[in-house]
1. Output yes when any residue across the range 64-82 is closer than 26 Å to I186 by Cα, of a type in the set (K, R) and buried (at least 20 other Cβ atoms within 10 Å of the Cβ), and no when none is.
2. Among the residues of the range 327-360, write down those that are within 9 Å of the ligand (Cβ to nearest atom) and crowded, with 21+ Cβ neighbours inside 10 Å.
3. Yes or no: the range 251-258 includes at least one residue that is in a helix (DSSP H, G or I), without any contact (Cβ under 8 Å) to a residue 12 or more places away in the chain and either acidic (D, E) or under 30 Å from E4 (Cβ atoms) (or both).
4. Answer with yes or no whether G204 is surrounded by fewer than 22 Cβ atoms within 10 Å (Cβ to Cβ), assigned to a loop (DSSP other than H, G, I, E, B) and away from the ligand (no atom under 12 Å from the Cβ).
5. For residues in the range 120-150 being acidic (D, E), part of a strand (DSSP E or B) and more than 15 Å from the ligand (Cβ to nearest atom), which is nearest to C218 (Cα to Cα)?
6. Within the range 151-158, is even one residue more than 15 Å from the ligand (Cβ to nearest atom), part of a strand (DSSP E or B) and not basic (K, R)?
Amino acid sequence: MDFEIAPEYQEMRETTRRFVADVLRPAEKIVEEKQFIDKEMHRELVSEAKRYGVWNAFVPEEWGGSGITDLLPRTLIREELGATSYVLRSYVDNGVFNLDDATEYQREKYFLPALEGEKRSFVGITEPGAGSDNGAMKTTARKEGDEWILNGTKHFISGVDTSDFGIVYAMSDTTKGKHGGISAFIVEKGMPGFTVGPRQVMMGHRGFNQSVLYFDDCRVPAENMLGGSGGGLRQFLTMIVGARMKVAAEALGAAQYAWDLGVAYAHQREVLGTRLIDKQGIQWMLVDAMIALQGARLLAYEGSWKADQGKDIRVEASMAKLQCTEVAFKVIDTALQIHGGAGYTEDLPLARLLRDIRGARIYEGANELQRYVISKALWGVGQ
Ligand SMILES: Cc1cc2nc3c(=O)[nH]c(=O)nc-3n(C[C@H](O)[C@H](O)[C@H](O)COP(=O)(O)OP(=O)(O)OC[C@H]3O[C@@H](n4cnc5c(N)ncnc54)[C@H](O)[C@@H]3O)c2cc1C
């Protein structure tokens, strides 16, 4: 394995680091306090991302992006984005649209405007009775003429308040169930029968808010079915591997940021006549955190590299997501501890980093579900 980073990726990584420091970091406190990004700030973030050349970095060139489609460089760049708040980075790295499954009409109407930064979107799969087990979803879609009629409830859906449309998963063939019975639909805010319910206030991820969604005989034009009937779970499972690698990379970035803060503080703070860094107890905390972080990082890099060799990385993605988020939680906690009371205040970013990383151990598949995915792949058993 070659550990050398190609110069063009190194350059993009450094540009992203500068963009985070210059543009996103100063906005972190504003977003934490307002818990919302309004249209004006949205426009400004998009225009700054374009000015720095980091906008649509991962989008293929044919769709107007920079064409960084290999996973290893994506992981490296996403580590940089991990060192800021979730909602802010979501304005630069707005997920990966399923452009291959989209029709021309869908691309033109929804996905290309989203890639231009004019529209935002959400993904709605989780339900009150179906989280880890998405296949148990109760939301249904039945065909009536040229429309699909959706009924059901989704919850914990991120970013709906600032979105224009979303990809919603529903059971369109109950006889098939999760094996070919789930389809994906592009649902616009304002479509009849679609209501955004109450916000579900979470521990972190401020500004990237979660909501309940109600579909009550919601009428969705047939042309808004994404990727063909029954293809929903396949699409979701393909997308989720990339999403897990994204979470892993971002967790590494958050942990590295916290670790750097811990090291800097340990060099300046004196307690009982010596600097914290002179105390073996603190040195070992930082060294252990560094070793754990590097181990997790190698898992993410190896998984990314394998994907770029065309290998199936479902297991690697689960390992990386699990390990990077668990390690990041501990590293951030260590950095916060080294800062004492100052670490626990909202003046520093450590409390926010800790709140945010806690969520990453749950979303994109709880870490226990990742263990299930791995054991199922290894031994064919698990529940
Ligand atoms: C901040 C945040 C943002 C989110 N954004 C979105 C979004 O945009 N769109 C969306 O659709 N969903 C979203 N979710 C929902 C998220 O995907 C679910 O919370 C997650 O999949 C877990 O589902 P659940 O909450 O129903 O937990 P459950 O499925 O009820 O699981 C509860 C716990 O059981 C344990 N568990 C699960 N499976 C196993 C197993 N096989 N073996 C042992 N233990 C197990 C785990 O500890 C798990 O945390 C978001 C969640 C959060 C926290």
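1. Taking every residue of the range 64-82 in turn, none turns out to be closer than 26 Å to I186 by Cα, of a type in the set (K, R) and buried (at least 20 other Cβ atoms within 10 Å of the Cβ).
2. Within the range 327-360, D356, A360 meet the criteria.
3. Among the residues of the range 251-258, not one is in a helix (DSSP H, G or I), without any contact (Cβ under 8 Å) to a residue 12 or more places away in the chain and either acidic (D, E) or under 30 Å from E4 (Cβ atoms) (or both), which makes the answer no.
4. When the stated conditions are applied, G204 does not pass them.
5. So the residue we want is E147.
6. yes
Any read-out appearing in this document is the output of simple, stated calculations on the displayed coordinates, not a laboratory observation. This one's a predicted model, so the numbers in the text were calculated from it and none came from an experiment. Positions of Cβ are backbone-derived with ideal geometry, glycine not excepted, and every protein chain shown enters the neighbour counts.
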